[in-house]
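Written below as structure tokens is the structure these notes are about.
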Amino acid sequence: MRIPIFLLTLLLMTPLSADEDNVADNFIVFKTLPDKDANSDCSQRGGLRVFVVNTHPDKIIDLSVDRYFSGVRQAGRSMFALRQGHSQALGCNIVMDSHQEWRLVSSYFIEAEAAINRYGVIY
């Protein structure tokens, strides 16, 4: 009887909102687009500008992204709040002839006041 009670205890300890915790992830999209300026460093290297976009119709998302260069995670983490329908440029996908990308670490919905208190700005 100990095993079923142990399993029941684990199930009860699992947050009921586990699915809700990742809902904001569904509204984060990474896009690569050509720079408007054909003379930019990114364009000259043959790269595309990487943007992260909040596609939610009415909620601000607080997100954290890590940058990878040549498949290796780089130091630091970008953290910011992104308004609904807005995008933020992250960088070029080609640097020194090597691939660069960003990966979502976490995201959650945040109220405007909380985002301003945390970051001082909402993008």
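For segment 67-78, backbone phi angles converted through the Karplus equation (6.51, -1.76, 1.60; θ = phi - 60°) give residue-by-residue couplings of 9, 10, 10, 6, x, 10, 5, 9, 5, x, 9, 8 Hz, Gly and Pro being listed as x. The Cα atoms of segment 70-123 cover 41, 21, 17 Å along the three principal axes, with the biggest extent listed first. The fraction of all Cα pairs in segment 19-119 landing in successive 10 Å bins from 0 to the largest distance is 16, 43, 30, 11, 0, given as whole percents.
Just so you know, all these numbers are worked out from the coordinates, no wet-lab data involved. Being a predicted model, the structure only gives us computed values, none of them experimental.
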